[in-house]
Amino acid sequence: MTTSTFVAGNGILYALDARAKLLLVLLMCVLVFFPLSQLGLWVIFLSTLLMAWRATGFRQALQPLRSIAFILIIMVLFTPITYRGGTVLIHIGDWNLVTQEALWNLSTLMARFLAITYICTLYVWTTPMADINLALRWYGLSFQAAMVLTLAFRFIPFIADSFRMIQDSHALRMSDEQSVGKSRTQQLKDAIPTVTAALVFALKSIPHVAMSLEHRGLGRSPKRSSYRQLKAKGGLFTQLLVSVIIPTVFWILFIT
Amino acid sequence: MEQKGPANMSALRIALMAVLTAVVVVFTLIVRVPTPIKGYISLCDVIITFSAFLFGPWIAAIAGGLGTGIADLIGGYAQWAPLSFVIHGVQGLLIALIARAGVKQGVPGDAKLPMMILGGVVGMIVMAGGYYLAGGVLYGFEPALVEIPLNLIQSGVGLVLGIAVSKAVLKAYPPVRALAL
Amino acid sequence: MIEVSHLSFTYKSYAGRVNKPVFQDINLSVKQGERILILGAPDSGKSTMARILCNLVPRYIEGTLTGTIHMNDKPIQDLAPWELTNICTLVAQNPQEQLLMTTCADEVAFPLESLGVRREDLVSSVHSSLHKWGLSEMIEVNPQELSGGERKRLLVAVAEAINAPVWIMDEPFDDLDESWRTQLLQTIMHHEGTVVVFASRYLEEFRGSFSSYYLIDQGTLVKGSEEDIVIAFDKACDFQFAAHDAEILIPEKHRLQAQDLVIVHPRRSVSSTAPFTLKVPNISIESGEVVALVGPNGSGKSTLSRVLCGLDPVSQGDILYNEKPMSDKALRSRIGYLFQNPDFGIFLPTVKDELGWSLRHTSQLTTFEQEELIASSAALFHLHGEDNPTTMSYGARKHLQAAVYYVLNRPFYILDELDSGVTYAAAFEIVSLLRQRGAGIILITHDRAFANHIAERQYSIVDGVVYEREVGA
């Protein structure tokens with residue numbers, strides 16, 4: 001099972017420091033909730049789409065759209081319910097299908113949702129998890145918490161593989177007759193052995209992890225050194241400044 | 001002379017949180033049924049409930065929040081990650097606080113069934129309610145209503161299986177008691 | 001350098017019977033610069049002792065410890081494990097128990113970071129130790145993607161990078177190819193410090209290399225000359241279980257066969273992105289036979305097995321059971337597959353429960369008959385009905401895994417690397433017990449000597465094709 005969130009590509013987003021990018025993501029996600037003009041929201045979204053295209057290519061850039069496609073469809077379908085009053089644009093007899101306010105609202109929500117989706121996704125695509133971890137630590141995440149994050153990623157593939165084998169092991173213990181035509185409750189009951197075995201398997205590894213952590217020096221009091229470092233090209237302060245400037249520019253241009 | 005594990009040991013705590021988080025991630029991503037809106041319903045709530053019953057509020061909050069957050073990142077739903085972190089984190093926290101109310105710290109398996117059920121129900125409300133609110137803010141409160149039944153089913157299944165699995169694990173693997181901190 | 005005095009240890013008993021001590025009144029004295037070899041049969045307490053020497057047990061696995069251990073004249077029980085990081089390094093038998101990080105570089109760097117090594121020195125240590133053990137290409141690769149041998153080498157690389165004076169190595173030669181075993185032996189011999197090696201296989205390469213030889217058996221530690229220790233060790237391995245000579249009854253003859261199979265397996269490997277194709281011109285087995293399936297690591301033995309027992313689909317061809325093609329689901333209830341790791345199936349509180357669980361759902365026997373079968377099977381496999389499976393020894397869990405299938409009475413079994421972690425004698429016994437009810441057995445192994453002793457026929461996998469070969473080839 002792949003745990004990689006990083007997507008290889010090129011462009012400026014890959015060159016920016018993880019800490020500066022995190023600030024940018026935060027500010028942009030907050031910005032889209034401000035009263036910006038319709039144009040502004042769509043411009044923000046389209047810029048993120050273009051950046052995704054530039055960074056990872058067209059097909060990859062469309063991926064987030066696919067993952068939220070159904071939400072967008074539901075949003076469109078629900079327009080008759082929102083903003084019942086107001087200027088009616090389409091109606092069937094007495095029933096107001098679409099009002100201008102509803103369309104306006106739909107447009108705002110869609111642009112905002114799309115923008116947020118792409119902003120967050122781009123961050124994760126262009127920043128390796130190890131760098132995100134270091135960035136969070138720089139912002140104040142404790143060493144213990146960062147350790148939990150790293151260890152979790154170490155264990156995900158291990159537990160995923162073991163889970164599949166556990167499922168197989170149980171499938172082999174069942175007979176022909178049992179595998180056919182089971183009710184939903186029976187299926188859930190049959191999940192209990194597999195889930196229990198998976199949990200016992202995982203729990204058994206915990207003392208070993210703790211042993212290894214302490215054996216490898218976790219808990220030593222002199223300060224730890226660090227193999228990995230974050231380096232900001234042009235200086236971190238400059239990049240952080242840029243991360244503040246960009247949302248500010250959008251704000252100035254499109255605030256109503 | 002029998003040596004007991006030191007309480008509140010940093011390394012054991014880290015290991016416990018990390019492994020349970022990984023289990024939540026696996027259960028969120030692998031054991032899942034695709035649905036239109038949120039993407040999938042999964043058995044992650046079984047593990048969150050289990051962690052809450054056996055290990056207490058902070059472990060369950062981290063396992064639930066971090067686990068579902070990471071799963072969102074890996075699964076291609078990065079925009080949901082911080083929201084899942086908060087929602088499932090609070091879910092784990094509250095289930096544990098209610099289910100283990102009155103239980104001594106560090107004694108798994110002593111949670112009483114009625115409190116476990118109450119905690120689980122509160123967890124269901126928090127989870128479904130949390131996603132409703134988050135969805136409402138993100139893309140509108142009316143569309144967000146659609147998710148509620150599925151989320152209730154997911155967390156409901158999580159509660160029922162969580163109770164069954166907690167009992168089963170305590171019986172099958174007695175050393176789990178030493179992991180409680 | 002290392003002084004162990006009157007050491008006794010017993011694991012905590014949870015359910016069922018009270019545990020026997022793992023060892024009693026052990027004394028050991030290792031001088032600075034010595035390299036010692038401690039031989040012991042599987043489950044004799046080697047890993048337990050290795051962990052105790054690093055003060056990790058009973059800190060993390062409950063039990064009663066008496067006696068003292070001194071390292072460099074300091075009593076280690078007064079120290080926390082992290083205070084021993086720069087004094088003593090453990091190389092675990094199972095790398096999965098020690099690996100912590102998501103890249104090989106981080107794995108080497110982590111203990112050095114704990115020791116506060118300066119960044120420049122850190123980086124060069126990482127590169128040089130990984131290079132020495134052939135892992136330069138894997139520097140940013142996730143250790144989960146490495147093979148067993150590569151992970152072992154990674155652990156040794158970490159030990160070298162830390163460069164502590166004492167190395168405690170638990171079965172370090174396992175899983176390594178010959179050239180790496182040679183390098184490991186050289187590294188051990190040239191290490192400026194003290195090395196304790198635990199092993200359950202005496203390799204010819206060891207001859208004359210170590211300064212002292214010990215045997216750990218039945219809870220005691222005995223020192224002796226190299227020859228004496230090796231002879232006593234062989235005896236200890238065979239002593240645990242006697243081979244079964246019972247008659248084989250074959251109530252019904254069955255035949256499993258596959259012809260012109262093609263299996264395509266999407267390879268999740270570091271070195272290749274191409275899918276892995278396995279061709280099987282002909283493979284067959286009948287009730288009562290023992291057939292070996294041999295090949296190097298990664299050749300496809302598990303892939304083929306998973307297909308034969310219906311877990312994975314074939315790309316081309318059919319699997320015939322008694323001349324009739326059979327579906328995946330049907331195969332699953334006729335062919336048992338014993339995974340190398342026995343822990344995948346365990347989820348119930350007692351041995352009796354585990355044996356009875358699948359019986360209850362599948363069998364036509366009455367309750368009384370079921371209980372009889374469970375009791376007799378448990379006895380046959382040296383198990384006690386009230387024991388808790390998760391806290392039994394590794395060898396006992398392997399026996400439980402076999403007993404579960406014995407009770408299910410499948411016509412065919414595939415045993416994956418049965419001989420790893422149990423003595424040859426125990427492995428023979430498991431095979432003969434499973435054969436008793438007439439089953440045909442496919443034995444996966446990369447130990448040709450083991451195959452030689454036990455199999456009547458053999459299939460070898462060479463470059464993605466399965467050939468029938470002479471046994472032992």
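Suppose we keep only residues that are under 13 Å from C:Val290 (Cα atoms) and under 21 Å from the mean Cα position of the chain (by Cα) within region C:406-426. Which one would you say is surrounded by the most Cβ atoms within 10 Å (Cβ to Cβ)? If we take residues in region C:406-426 being under 13 Å from C:Val290 (Cα atoms) and under 21 Å from the mean Cα position of the chain (by Cα), then C:Leu415 is surrounded by the most Cβ atoms within 10 Å (Cβ to Cβ). The listed residues are A:Leu23, A:Leu36, A:Leu62, A:Leu89, and the only one of them that is within 16 Å of the chain's Cα centre (by Cα), of a type in the set (A, V, I, L, M, F, W, C) and over 27 Å from A:Leu136 (Cα atoms) turns out to be A:Leu62. Looking only at residues in region C:48-67 that are more than 11 Å from chain A (Cβ to nearest Cβ) and of a type in the set (Ser, Thr, Tyr), the one that is surrounded by the most Cβ atoms within 10 Å (Cβ to Cβ) is C:Thr48. In region A:139-156, the residues that are closer than 18 Å to B:Ile59 by Cβ and more than 7 Å from chain B (Cβ to nearest Cβ) form Cβ pairs under 7 Å with partners that are hydrophobic (A, V, I, L, M, F, W, C) and outside any helix (DSSP H, G or I), at six or more places apart or across chains, as follows: A:Thr150/C:Met101.
Just to be sure before I move on: is A:Thr5 surrounded by 19 or more Cβ atoms within 10 Å (Cβ to Cβ) and part of a loop (DSSP other than H, G, I, E, B) in the structure I sent? Before the answer, list the steps.
Working: surrounded by 19 or more Cβ atoms within 10 Å (Cβ to Cβ): yes; part of a loop (DSSP other than H, G, I, E, B): yes.
Judged against the criteria, A:Thr5 is a match.
Remark: pairs (first residue in region A:38-59, among the charged types (D, E, K, R); second residue surrounded by 13 or more Cβ atoms within 10 Å (Cβ to Cβ); Cβ separation under 7 Å; 6+ apart in sequence or on different chains) = A:Arg54/A:Gly11. Criterion applied to A:Ala102, A:Ala115, A:Ala152 was being part of a helix (DSSP H, G or I) and not assigned by TED's automatic domain parsing to the domain that holds A:Val76, and the one residue passing it is A:Ala152.
Candidates B:Leu93, B:Leu118, B:Leu73: the one that is within 29 Å of A:Ala111 (Cα to Cα), assigned to a helix (DSSP H, G or I) and at pLDDT 90 or above is B:Leu73. Restricting region B:122-146 to residues that are touching a Phe, Trp or Tyr at 6+ places or on another chain (Cβ under 6 Å) and not hydroxyl-bearing (Ser, Thr, Tyr), the residue that is surrounded by the fewest Cβ atoms within 10 Å (Cβ to Cβ) is B:Glu142. Scan region C:347-400 for residues that are under 22 Å from C:Leu418 (Cα atoms), free of Cβ contacts under 8 Å to residues at least 60 places away in the same chain and aromatic (Phe, Trp, Tyr) and jot them down. Answer for region C:347-400, where residues must be under 22 Å from C:Leu418 (Cα atoms), free of Cβ contacts under 8 Å to residues at least 60 places away in the same chain and aromatic (Phe, Trp, Tyr): C:Phe347, C:Phe381. The number of residues in region C:334-346 being without any contact (Cβ under 8 Å) to a residue 40 or more places away in the chain and either surrounded by fewer than 23 Cβ atoms within 10 Å (Cβ to Cβ) or basic (Lys, Arg) (or both) comes to 1.
Selection over region C:220-236 of residues that are more than 21 Å from C:Gln24 (Cα to Cα) and among the charged types (D, E, K, R) gives a count of 4.
If you take the residues of region A:118-132 that are part of a helix (DSSP H, G or I) and more than 10 Å from every other protein chain (Cβ to nearest Cβ), which of them is nearest to A:Ile44 (Cα to Cα)?
Selected residue: A:Thr126.
For region C:379-399, the criterion of being closer than 27 Å to A:Lys189 by Cα, in a helix (DSSP H, G or I) and among the aliphatic types (A, V, I, L, M) is met by none of the residues.
Of all residues being under 19 Å from C:Gly310 (Cα atoms) and hydroxyl-bearing (Ser, Thr, Tyr) in region C:338-362, which is farthest from the chain's Cα centre (by Cα)? Just the residue, please. Result: C:Thr362.
Results for (1) crowded, with 17+ Cβ neighbours inside 10 Å; (2) out of contact with any Asp or Glu (no Cβ under 7 Å at 6 or more places or on another chain); (3) under 24 Å from A:Leu199 (Cβ atoms), shown as yes or no for each residue.
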position	(1), (2), (3)
C:Asp318	no, yes, no
C:Met326	yes, yes, no
C:Gly356	yes, yes, yes
C:Arg360	no, yes, yes
C:Leu373	yes, yes, no
C:Ser377	yes, yes, no
C:Phe381	yes, yes, no
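Evaluate region A:195-210: report whether one residue or more is surrounded by 15 or more Cβ atoms within 10 Å (Cβ to Cβ), out of contact with any His (no Cβ under 9 Å at 6 or more places or on another chain), facing another protein chain (nearest Cβ under 7 Å) and under 24 Å from C:Val117 (Cβ atoms). Yes; the residues of region A:195-210 include at least one that is surrounded by 15 or more Cβ atoms within 10 Å (Cβ to Cβ), out of contact with any His (no Cβ under 9 Å at 6 or more places or on another chain), facing another protein chain (nearest Cβ under 7 Å) and under 24 Å from C:Val117 (Cβ atoms). Given the criteria assigned to a helix (DSSP H, G or I), within 11 Å of chain B (Cβ to nearest Cβ) and in contact with a Pro (Cβ under 9 Å, 6 or more places away or on another chain), does A:Thr108 qualify? Against the criterion (assigned to a helix (DSSP H, G or I), within 11 Å of chain B (Cβ to nearest Cβ) and in contact with a Pro (Cβ under 9 Å, 6 or more places away or on another chain)), A:Thr108 does not qualify. Check region A:86-98 and report whether any residue there is within 11 Å of another protein chain (Cβ to nearest Cβ) and without any contact (Cβ under 8 Å) to a residue 40 or more places away in the chain. Checked against the condition, which is being within 11 Å of another protein chain (Cβ to nearest Cβ) and without any contact (Cβ under 8 Å) to a residue 40 or more places away in the chain, region A:86-98 yields no hits at all. Screening the candidates A:Thr79, A:Thr48 for the property of being of a type in the set (Ser, Thr, Tyr), at pLDDT 95 or above and either buried (at least 20 other Cβ atoms within 10 Å of the Cβ) or touching a helix residue (DSSP H, G or I) at 6+ places or on another chain (Cβ under 6 Å) (or both) yields one hit, A:Thr48.
Checked against the criterion of being out of contact with any Asp or Glu (no Cβ under 6 Å at 6 or more places or on another chain), among the aliphatic types (A, V, I, L, M) and either more than 10 Å from chain A (Cβ to nearest Cβ) or surrounded by fewer than 21 Cβ atoms within 10 Å (Cβ to Cβ) (or both), the candidates C:Val108, C:Val126, C:Val166 yield just one match: C:Val166.
When the residues of region B:28-68 are filtered to those that are modelled with pLDDT of 95 or more, at the interface with chain A (Cβ under 10 Å from one of its Cβ atoms) and closer than 23 Å to A:Ala130 by Cα, which remaining residue is nearest to the chain's Cα centre (by Cα)? It comes out as B:Ala63. Taking first residues from region A:236-255 that are over 22 Å from A:Leu36 (Cβ atoms) and partners that are surrounded by 13 or more Cβ atoms within 10 Å (Cβ to Cβ) and not hydrophobic (A, V, I, L, M, F, W, C), the Cβ contacts under 8 Å between residues at least 6 apart in sequence or on separate chains come to A:Leu236/A:Asp17; A:Leu236/A:Arg19; A:Gln239/A:Asp17; A:Gln239/A:Arg19; A:Leu240/A:Arg19.
Residues that are surrounded by fewer than 22 Cβ atoms within 10 Å (Cβ to Cβ) and under 16 Å from A:Pro207 (Cβ atoms) within region B:159-175 comprise B:Pro174, B:Pro175, listed in sequence order. Across region C:421-461, the qualifying residues are those that are farther than 25 Å from C:Ser333 by Cβ and in contact with a Pro (Cβ under 9 Å, 6 or more places away or on another chain), and the one among them that is modelled with the highest pLDDT is C:Ile461. Take the conditions (1) surrounded by fewer than 18 Cβ atoms within 10 Å (Cβ to Cβ); (2) assigned to a helix (DSSP H, G or I); C:Gly116 misses just one of them, which is (2). C:Leu365 meets each of the listed conditions (1) more than 18 Å from the chain's Cα centre (by Cα); (2) surrounded by fewer than 22 Cβ atoms within 10 Å (Cβ to Cβ); (3) assigned to a helix (DSSP H, G or I) apart from (3).
The values are calculated or read from the model by the stated rules, or taken from the named source; none is laboratory data. On a predicted model such as this, the values are computed, not experimentally measured, just so you know. When we count neighbours, we look across all protein chains shown, and the Cβ atoms used for this are built from the backbone with ideal geometry, even at glycine.
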